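K.L.:
Let me give you the structure first, and then I'll get to my questions.
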2 protein chains.
Amino acid sequence: MSLPAAISGRLRTILGSRLSETAADRDHHAQSEAFHRSPPPDAVAWPETAEEVAAILSACNDARLPVVAWGTGTSLEGHALPVRGGISLDLSRMDKVLEIRPEDMQASVQPGVTREALNLELRATGLFFPVDPGANASLGGMAATRASGTTAVRYGTMRDNVLGLQVVLADGRIIRTGTRAAKSSAGFDLTALFVGSEGTLGVITELTLRLHGQPEEVAAAVCAFDSLDQAVECVSATIQSGIPMARIEFVDADSARAFNLHSGSSLPEKPHLMIEFHGSPGAVREDAARFGDIAAEFGAQGFDWATTAEDRARLWRMRHGAYHACLALRPGASGLITDVCVPMSHLPAAVHAAAQDIAAEGLVGPILGHVGDGNFHSLLLVDPGNADEIAAAKRVALRMAERALAVGGTISGEHGVGIGKRGLMAAQHGEGWQLMGQIKAALDPHDILNPGKLVPDRN
Amino acid sequence: MSLPAAISGRLRTILGSRLSETAADRDHHAQSEAFHRSPPPDAVAWPETAEEVAAILSACNDARLPVVAWGTGTSLEGHALPVRGGISLDLSRMDKVLEIRPEDMQASVQPGVTREALNLELRATGLFFPVDPGANASLGGMAATRASGTTAVRYGTMRDNVLGLQVVLADGRIIRTGTRAAKSSAGFDLTALFVGSEGTLGVITELTLRLHGQPEEVAAAVCAFDSLDQAVECVSATIQSGIPMARIEFVDADSARAFNLHSGSSLPEKPHLMIEFHGSPGAVREDAARFGDIAAEFGAQGFDWATTAEDRARLWRMRHGAYHACLALRPGASGLITDVCVPMSHLPAAVHAAAQDIAAEGLVGPILGHVGDGNFHSLLLVDPGNADEIAAAKRVALRMAERALAVGGTISGEHGVGIGKRGLMAAQHGEGWQLMGQIKAALDPHDILNPGKLVPDRN
């Protein structure tokens with residue numbers, strides 16, 4: 001599809017050369033890191049201000065043309081893929097850290113700022129932004145998908161760390177949600193409504209973020225277990241004990257093998273936990289000792305404490321590289337990565353059942369996750385040309401989600417809905433999914449914002 | 001007004017004797033603890049199940065009759081007052097703790113369970129529900145008003161501690177929001193939308209709550225300061241230092257005087273901080289020592305550590321009794337209590353300006369608050385027969401809110417909007433307030449749920 005002349009002229013007036021209809025630009029915005037693909041957008045727009053975003057949305061609303069916001073393209077469920085064409089709204093030029101207010105532990109940023117760029121700017125302040133999904137995603141994209149990651153067990157997800165937003169609505173209105181106060185009891189929580197709405201309700205053009213003090217003391221370690229069950233039961237016991245973990249990550253034996261091949265580590269090919277404590281020196285010492293006692297009960301072995309900042313950076317770089325490390329286990333494979341989250345007491349059984357199911361289907365699928373939240377992933381490695389393997393992987397992913405729902409969990413702890421999980425939304429939410437559709441229809445009557453995603457199709 | 005015959009018969013069929021049109025029952029539901037009053041409802045209903053609530057809402061939706069949910073009547077801004085008549089839906093009979101899941105640190109409760117009743121049930125589990133607004137409010141009401149209180153600085157508000165809800169919509173549909181997982185990235189955050197919606201979007205009929213482990217060690221203390229500014233600047237410095245406070249409460253000299261008269265304490269008539277630390281023994285010791293160092297810089301004096309559980313209970317009973325203690329400072333007075341929340345760096349100036357303003361208007365108005373969140377209240381004591389005093393108190397409250405907005409704060413940190421703050425919603429939210437109205441119209445097209453509150457009037 002190409003843009004109709006009327007809208008093309010109107011957008012060209014707003015954007016000049018920052019509107020592209022070249023095949024290269026369009027194709028770049030039709031793929032993301034994971035398995036999903038879509039037709040290309042009709043054009044790609046690079047706005048630089050909220051007012052430009054408003055003008056674009058207003059024009060597209062008049063023309064009934066879809067608009068799909070784009071951050072860094074690192075989402076794993078195809079959120080930003082323009083399944084119905086239209087404009088890919090690339091926010092990468094809105095990449096300014098607008099203000100850091102150390103005294104209030106807050107920052108105001110544009111949506112294209114990445115989490116690493118923000119933390120680089122924060123280095124001198126003694127503060128940091130903790131939400132860490134692994135990829136160097138844009139903060140706007142992280143808010144739109146309610147991202148979390150390794151540190152959510154301590155610092156929360158984007159839900160907990162976005163205090164306010166500037167949002168452009170489908171009709172071009174610009175609103176502000178939230179405040180700079182730590183809490184508010186004045187009206188609907190519009191901030192929470194937009195966080196996780198995956199671009200279907202509005203386009204985020206500014207974020208007010210909560211920052212945290214860099215911990216006085218940090219301790220991190222990795223340890224091995226003889227069985228997956230022992231490792232995961234150790235997590236469950238640790239969380240129930242109330243020890244304040246900053247990170248507690250599970251990786252299975254396949255993942256350990258992948259790290260060894262990819263990162264030059266020499267972990268035993270067994271399930272591992274990677275843990276981190278933040279706090280005052282005394283508290284970290286106490287927490288680490290208490291964790292050591294619990295882990296010993298579950299047969300933990302080979303505790304390797306990362307004592308320097310460099311060692312810790314190496315440890316978490318390894319964990320963050322898991323996606324690419326696991327992909328390299330099977331050269332040429334595509335990764336069908338799936339993500340569920342369950343109540344803590346159901347975590348051991350859920351991980352165990354997933355592992356058995358993967359083996360029974362004859363697949364390679366490392367399991368790893370942010371298990372302190374009850375959140376885990378399987379990275380199912382499939383030959384992209386093998387329809388049987390792809391079908392088997394999809395069966396595994398579906399059964400993981402169904403088992404999560406059966407115990408009161410969720411079809412996605414952090415990767416979101418996008419293309420991959422939309423078929424499960426009715427099963428999770430029942431009539432509540434229809435309610436999401438009603439809200440979407442009220443805010444975006446012409447269904448221009450990321451249509452075909454998250455909510456039910458219009459009748 | 002009395003109920004039209006058609007709806008009266010339909011409701012009587014659902015409720016039998018649990019529908020009352022007596023003047024006593026109606027009048028009881030036309031007043032709350034604070035200043036606000038309203039006409040009585042046409043009738044009071046006491047449903048016992050979600051299905052009964054659904055049948056009532058369906059009948060009232062057909063008849064276009066307002067329905068206003070009622071918890072314990074302890075709100076301070078008149079949220080539950082039926083300003084347009086209709087049915088007062090008293091949820092006090094839905095008071096069952098449905099399930100406690102210690103292994104997941106969760107409880108499922110009906111909306112009429114009070115926070116004290118829940119904590120009583122939890123005693124043997126080693127867990128507790130931390131949100132503590134002072135009053136023994138119902139958990140449904142606390143969710144509906146996004147309540148917080150003394151412990152929010154550590155454990156968050158209702159926003160952070162409600163994992164899921166069962167909600168009856170205006171048309172009688174029953175939905176479930178949220179999951180039992182610690183986090184979810186699957187769709188709009190409907191839980192957050194209903195929390196704080198003050199009964200305008202649906203009626204909460206069940207809550208899934210996050211519980212917390214009782215801290216291994218607790219330390220609490222009270223200390224005095226020579227000036228309000230020193231006390232509040234000490235709070236600001238403490239929070240910025242990152243010391244994990246479980247509670248940090250400010251009370252001014254008038255409040256201290258009120259406590260002495262009401263609770264038999266013998267505090268110096270000076271500004272005070274009341275503080276509490278939760279954690280492991282070592283962490284609590286370190287935190288208390290670090291706080292002591294900071295407080296000393298601001299001239300703190302007379303540290304009185306509450307070393308036993310009884311001493312701590314007495315300390316916090318005194319703080320929780322502040323409302324009635326302050327009212328007793330001026331026998332016969334009504335309390336116009338107002339509540340704002342500001343970014344931490346603006347807290348000292350905001351409290352200082354409020355105190356000056358109260359003095360300049362010639363009023364008695366103790367200031368106290370959950371200052372670790374930047375949240376403070378003034379309890380303006382007025383002669384209910386003196387129009388000039390009431391007008392002066394309203395001016396003070398308005399200026400507190402305006403100054404909060406001017407620094408990026410909120411017109412209410414925790415007391416909510418109700419009747420008292422609706423006139424300020426446009427100033428706080430701008431076009432966002434219209435958006436709230438659009439959402440309300442989509443979910444409640446006939447405006448039967450707590451009409452005349454929170455959102456703009458329909459055109």
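The values are calculated or read from the model by the stated rules, or taken from the named source; none is laboratory data. Here the structure is a predicted model, which means the values were calculated and not measured. Cβ sites come from the backbone with ideal geometry, for glycine too, and all protein chains shown count toward neighbours. Accessible surface areas use protein heavy atoms only, side chains included; no ligands, DNA or RNA. Shrake-Rupley method; radii C 1.70, N 1.55, O 1.52, S 1.80 Å.
K.L.:
Can you pull the accessible area of B:ARG314 for me, 1.4 Å probe, Å² to the nearest 10?
P.N.:
My reading of the accessible area for B:ARG314 is about 130 Å².
K.L.:
Quick one: label points 7 angstrom along Cα→Cβ at B:THR125, distances to the other copies in nm, smallest first?
P.N.:
Result, one decimal in nm: 3.8.
K.L.:
Give the relative contact order (percent, whole number) for the stretch B:326-406; include only Cα pairs under 8 Å separated by 6+ residues. Numbers along the way, then the final one.
P.N.:
Details: 109 pairs, mean separation 31.1, N = 81.
Relative contact order for the stretch B:326-406 comes out at 38 percent.
K.L.:
For chain A, calculate the relative contact order in percent as a whole number, restricting contacts to Cα pairs under 8 Å that are 6 or more residues apart.
P.N.:
Details: 979 pairs, mean separation 71.9, N = 459.
Relative CO of chain A lands at 16 percent.
K.L.:
What is the sum of charges around A:ILE411, taking Lys and Arg as +1, Asp and Glu as -1, for the other residues whose C-beta is under 12 Å from the C-beta of A:ILE411? Display every interim value, and only then the final one.
P.N.:
Values: positive: A:ARG399, A:ARG403, A:LYS421, A:ARG422; negative: A:GLU77, A:ASP339, A:GLU402, A:GLU414.
Value of the local net charge: 0.
K.L.:
Can you show me the helix-derived [θ] at 222 nm for chain A, built from DSSP H runs with n ≥ 4 at -39,500 (n - 2.57) apiece and divided by the number of residues, rounded to the nearest 500. List each step's numbers first, then the result.
P.N.:
Numbers: 17 runs with 170 residues, N = 459.
My calculation for chain A gives -11000 deg cm²/dmol from helical runs alone.
K.L.:
While we're looking at this one, here's another question. Calculate the mean, over all residues of peptide B:154-160, of how many other protein chain Cβ atoms lie within 10 angstrom of the residue's Cβ.
P.N.:
On the way: counts 0, 0, 4, 4, 2, 7, 4.
The mean count of partner-chain Cβ atoms within 10 Å per residue comes to 3.
K.L.:
While we're looking at this one, here's another question. Can you pull out the trypsin sites (Lys or Arg not before Pro) in the stretch A:110-151 whose DSSP state is coil and whose Cβ has at most 16 other Cβ atoms within 10 Å?
P.N.:
On the way: sites: A:ARG115, A:ARG123, A:ARG146; in loops: A:ARG146.
Filter output for the stretch A:110-151: empty list.
K.L.:
In addition: List the distances, in nm and shortest first, from the label point of B:GLN434 to the matching label points in every other copy, placing each point 7 Å from Cα along the Cα-to-Cβ direction.
P.N.:
3.0
K.L.:
Could I ask something else about it? Carbon and sulfur: what percent of the stretch A:259-334's accessible surface (1.4 Å probe)? Walk me through the numbers before you get to the answer.
P.N.:
On the way: 1940 of 3640 Å².
C and S fraction of accessible area: 53 percent.
K.L.:
Within the accessible area of the stretch B:84-213, what % is carbon and sulfur when the probe is 1.4 Å and the other protein chains stay in place? All intermediate terms of the calculation are to be shown ahead of the outcome.
P.N.:
Values: 1590 of 3400 Å².
Answer for the stretch B:84-213 is 47 percent, counting heavy atoms of protein chains only.
K.L.:
Just tell me how shielded B:344-351 is by partners: mean number of partner chain Cβ atoms within 10 Å of each residue's Cβ, no decimals.
P.N.:
Numbers: counts 8, 7, 4, 2, 0, 0, 0, 0.
Per residue, the number of nearby Cβ atoms from other chains is 3 on average.
K.L.:
Shifting gears a bit: How big is the charge dipole of chain B about its Cα centre, in debye rounded to the nearest 20, if each Lys and Arg gets +1 on its Cβ and each Asp and Glu gets -1 on its Cβ?
P.N.:
On the way: 39 positive and 53 negative charges, 184 e Å.
The dipole of chain B has a size of about 880 debye.
K.L.:
Please average, across the residues of B:410-419, the number of beta carbons from any other chain that are within 10 Å of each residue's own beta carbon, and give a whole number. Intermediate values should be presented prior to the final figure.
P.N.:
Working: counts 10, 6, 6, 7, 4, 2, 4, 3, 1, 0.
Counting Cβ atoms of other protein chains within 10 Å of each residue's Cβ and averaging gives 4.
K.L.:
Can you pull the one-decimal nm distance between simple spin-label points at B:ASP229 and A:GLU431, each 7 Å off the Cα toward Cβ?
P.N.:
My value for the distance between the label points is 5.8 nm.
K.L.:
To the nearest Å, what is the center-to-center distance of the stretch A:318-383 and the stretch A:55-127, using C-alpha atoms only?
P.N.:
About 29 Å separates the Cα centre of the stretch A:318-383 from the one of the stretch A:55-127.
K.L.:
I'd like the distance separating the alpha-carbon centroids of the stretch B:185-224 and the stretch A:290-316, in whole Å.
P.N.:
Result: 33 Å between the Cα centres.
K.L.:
Please list, by residue number, every one of the trypsin sites (Lys or Arg not before Pro) in the stretch A:1-99 that is coil in DSSP and has at most 15 other beta-carbon atoms within 10 Å. Show your work: numbers first, answer last.
P.N.:
Values: sites: A:ARG10, A:ARG12, A:ARG18, A:ARG26, A:ARG37, A:ARG64, A:ARG84, A:ARG93, A:LYS96; in loops: A:ARG64, A:ARG84, A:LYS96.
Passing sites in the stretch A:1-99 are A:ARG64, A:LYS96.
K.L.:
Another one. Under a point spin-label approximation (7 Å from Cα along Cα-to-Cβ), what is the A:LEU398-A:GLN31 distance to one decimal in nm?
P.N.:
About 2.8 nm separates the two model spin labels.
K.L.:
To the nearest 100 Å², how much accessible surface do chains B and A hide from each other in total, with a 1.4 Å probe? Mind dumping the intermediate values first?
P.N.:
Details: alone 18400 and 18390 Å², together 30910 Å².
In total, this chain pair buries about 5900 Å².
K.L.:
Next question, about the same structure. List, in the order given, every pair from A:LYS183/B:LYS183; A:LYS440/B:LYS421; B:LYS394/B:LYS440; B:LYS394/B:LYS453; A:LYS440/B:LYS183 whose Cα-Cα distance in the structure shown is over 25 Å. Could the numbers behind the result be given before it?
P.N.:
Values: A:LYS183/B:LYS183 20 Å; A:LYS440/B:LYS421 28 Å; B:LYS394/B:LYS440 28 Å; B:LYS394/B:LYS453 19 Å; A:LYS440/B:LYS183 22 Å.
Beyond 25 Å: A:LYS440/B:LYS421; B:LYS394/B:LYS440.
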